[in-house]
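The values are calculated or read from the model by the stated rules, or taken from the named source; none is laboratory data. Since this is a predicted model, take the numbers as computed values, not measurements. Cβ: placed from backbone, ideal geometry, glycine included. Neighbour counts: every protein chain shown.
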Amino acid sequence: MTITRLDLAHSVNSVSQYLHAPTDDHFQAVKRILRYVKGTLHYGLSFTASSLATITAYSDADWAGCPDTRRSISGYSIYLGDNLVSWSAKKQPTVSRSSCESEYRALASTAAEVLWLDHLLHDLHVPRPARPLLLCDNKSAIFLSSNSVSHKRSKHIDLDYHFLRELVVAGRIRIQHVLSTLQVADVFTKSVSRPLFTFFRSKLRMCSNPMLSLRGGVGDSPESPPDS
Amino acid sequence: MVTRAKAGIFQPRYPTYLSQHVSGLLHALLTTSEPRGFKTVAKNPAWLAAMDEELNALRENCTWDLVPQPPKTNIVGSKWVFRMKYQSDGSIDRLKARLVAKGYTQLPGLDYTDTFSPVVKASTVRVVLSLAITHGWPLCQLDVKNAFLHGILQEHVCMEQSPGYVDPRFPQHVCKLKKALYGIKQALHVWFQRFSSFLLKLGFTCSRADTSLFVLHCQQQIIYLLLYVDDIILTDNNNSLLSSFIRQLHSEFATKDLGSLSYFLGLEATSTPTGLFLSQTKYARDILTRAQLLDCKPISTPMVVAQHLSSAGSPFADITRTVLLLVLCNT
């Protein structure tokens, strides 16, 4: 289901972690997802002609987002030109000691996917005009990736640390800061309020089927009244 | 005495809530059942004809040689699988019989080694679609008929003769498979090998980032090919090159041209004035139908704000229903 429905990525990811021992809360959560699906049956991913084949990636993390294990949840969304081509919502494999660390790990996994996309474009003989750009809303994670300072709180971040830093030093990728309010990967890490959710969803190229709306609407309306 | 079963009178097996607006096709699917095993259809001429047709196709394809049973070999079992194909109004379109090998009786290391076959990543599909839309290239879709039967087996696999069609002259002989058959464990692997070697011969290169993506690049012309088992998506910047390639492909494997991209891997692709729109409306509706939530009240977000699910809490009483829902949502 999540091949086109990126708006479900986070919620489906979080409920499917409890498949082995579902409780009442999980049942309610699943029902809510299905009710949301019912309201957005005709939603999908739209592709438009975009001028340049540049890669822009948004990376975000929700520090200690899982109450059971205290691991963080990382998410990313990667655009090729204007089109969204890749996204992920995933619980990190280890516990992070700071939000900076969790953002840093998220950046590293995003960078891995960006590199893969870069290889793919190379195989497709697509000229790449600019370096891939990674956007992150945590400044200290960005500083960690560009400066070779070894802070005492970041000593233990080892493998990801060198991987990402080498990429930045070699000029393979650029990392920039983005305001949290424009961080579209937010929807992959936590459940956000309705206005934010709709805003991010539209930024993530999700919309109702345009061919249906041209014909004057369908039976089940895509926009439903807000939940009271 | 004529029982109800003899007279063809049965209780409906489908839930009553479906009966009001059930389509002819659904009714046919729910009320008829397909035969299992050779004995059940041995006296039915329609099914026998279907089996003859399948065997003829296999013979034409030179799938096996009939040989005396070699000593100390593992003999793989075989069986018939029967399927009814319906038309959209519920009437029977045709009867289909397939001879399959019992792959579970194959021994690893002896009858098969590698079974892995790559499938295309969803991101790769989206990247290729995005590039095709950007350049305004046409997207077309092909389907390879009987893809598995094209694979050439490297291992010596012996299969028992098909039930009901044992050669009366050599009843003790076995079928030494030359080509893959449905059910053989490495069928997908050898099919992929065969297809990729054909493409490489034509000058395609296999992408290192995704092995199911093939690219032909000569001078200014370029073709992208995505393979998902037996479904193919093609796009290129030069129509004449593409049509000649499709002809070559068709002469090597029997393919079915499905025209421009519309339904691929469960994705519905609609072309819009500005580009392309991908959705899974049918699939979403199927999920809601299976969960019996088709008439539920819609809601605008999929999760309560700032909700963190945890494993704490009382286990849900009706566990089967929850698991069903979770599985539905996860698929």
TODO: Name the single residue, out of those in segment A:88-138 being in a helix (DSSP H, G or I) and among the hydroxyl-bearing types (Ser, Thr, Tyr), that is nearest to A:Arg205 (Cα to Cα).
DONE: A:Thr110
Task: From the options A:Ala89, A:Ala49, A:Ala61, A:Ala21, residue that is closer than 22 Å to A:Thr198 by Cβ and aliphatic (A, V, I, L, M) - done: A:Ala89
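Could you check how many residues of segment A:9-44 are aliphatic (A, V, I, L, M), out of contact with any Cys (no Cβ under 8 Å at 6 or more places or on another chain), outside any loop (DSSP other than H, G, I, E, B) and within 7 Å of chain B (Cβ to nearest Cβ)?
Selection size over segment A:9-44: 2.
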Open item on the list: Of everything in segment A:73-113, what is within 12 Å of chain B (Cβ to nearest Cβ) and of a type in the set (S, T, N, Q)? Give them in sequence order.
Closed with: A:Ser77, A:Asn83, A:Ser86, A:Ser88
Open item on the list: Of all residues being more than 7 Å from chain A (Cβ to nearest Cβ) and in a strand (DSSP E or B) in segment B:269-303, which is farthest from A:Ser51 (Cα to Cα)? Just the residue, please.
Closed with: B:Ala269
- [ ] Taking A:Val85 as the residue in question, decide whether it is surrounded by 21 or more Cβ atoms within 10 Å (Cβ to Cβ) and either of a type in the set (Phe, Trp, Tyr) or part of a helix (DSSP H, G or I) (or both).
- [x] no
Task: segment B:145-161 - residue that is under 18 Å from B:Glu54 (Cβ atoms) and buried (at least 21 other Cβ atoms within 10 Å of the Cβ) and, of those, modelled with the highest pLDDT - done: B:Met159
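When you scan segment B:25-135 for strands (runs of 3 or more DSSP E) that lie fully inside it, which ones turn up with 3 or more residues that are among the basic types (Lys, Arg)? It would help to see each step written out before you state the result.
On the way: elements: B:64-67, B:78-86, B:92-101.
Answer list for segment B:25-135: B:78-86, B:92-101.
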- [ ] Would you be able to tell me the number of residues in segment A:45-72 that are outside any strand (DSSP E or B) and closer than 30 Å to B:Ala132 by Cα?
- [x] 6
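Yes or no, residue by residue, for (1) more than 23 Å from the chain's Cα centre (by Cα); (2) surrounded by fewer than 22 Cβ atoms within 10 Å (Cβ to Cβ); (3) aromatic (Phe, Trp, Tyr):
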residue: B:Gln87; (1), (2), (3): no, yes, no
residue: B:Ile92; (1), (2), (3): no, yes, no
residue: B:Arg98; (1), (2), (3): no, yes, no
residue: B:Tyr104; (1), (2), (3): no, yes, yes
residue: B:Leu107; (1), (2), (3): yes, yes, no
residue: B:Tyr112; (1), (2), (3): no, yes, yes
residue: B:Pro118; (1), (2), (3): no, yes, no
residue: B:Ser130; (1), (2), (3): yes, no, no
residue: B:His135; (1), (2), (3): yes, yes, no
- [ ] Collect the residues in segment B:223-250 that are within 13 Å of chain A (Cβ to nearest Cβ), outside any loop (DSSP other than H, G, I, E, B) and in contact with a strand residue (DSSP E or B) (Cβ under 6 Å, 6 or more places away or on another chain), keeping them in residue-number order.
- [x] B:Ile223, B:Tyr224, B:Leu225, B:Leu226, B:Thr235, B:Asp236
Open item on the list: Exactly one of these conditions fails for A:His26: (1) surrounded by 24 or more Cβ atoms within 10 Å (Cβ to Cβ); (2) over 19 Å from B:Gln307 (Cβ atoms). Give me its number.
Closed with: (2)
- [ ] Determine if segment B:210-218 includes at least one residue that is outside any helix (DSSP H, G or I) and closer than 24 Å to B:Asp65 by Cβ.
- [x] no
Open item on the list: Can you go through A:Ile142, A:Ile78 and tell me which one is crowded, with 21+ Cβ neighbours inside 10 Å, more than 14 Å from A:Thr56 (Cα to Cα) and among the β-branched types (Val, Ile, Thr)?
Closed with: A:Ile142
- [ ] Output the qualifying pairs, or none if there are none: Cβ atoms under 6 angstrom, residues six or more apart or on different chains, first residue in segment B:183-204 and assigned to a helix (DSSP H, G or I), second residue crowded, with 20+ Cβ neighbours inside 10 Å and modelled with pLDDT of 90 or more.
- [x] B:Leu199/B:Phe214
- [ ] Please tell me if B:Asp230 is acidic (Asp, Glu) and closer than 21 Å to B:Ala57 by Cα.
- [x] yes
Task: Any hit, segment B:87-97, residues being modelled with pLDDT under 85, closer than 18 Å to B:Gln161 by Cβ and basic (Lys, Arg) - done: no
Open item on the list: Of all residues being assigned by TED's automatic domain parsing to the domain that holds A:Ile142 and of a type in the set (D, E, K, R) in segment A:32-83, which is nearest to A:Pro127 (Cα to Cα)? Just the residue, please.
Closed with: A:Asp82
Open item on the list: Can you tell me which of (1) within 30 Å of A:Ile33 (Cα to Cα); (2) polar (S, T, N, Q); (3) over 29 Å from the mean Cα position of the chain (by Cα) is the one B:Gln219 doesn't meet?
Closed with: (1)
- [ ] Within segment A:87-94, identify whether any single residue is more than 14 Å from the chain's Cα centre (by Cα) and either on the phi < 0 side of the Ramachandran plot or hydrophobic (A, V, I, L, M, F, W, C) (or both), and answer yes or no.
- [x] yes
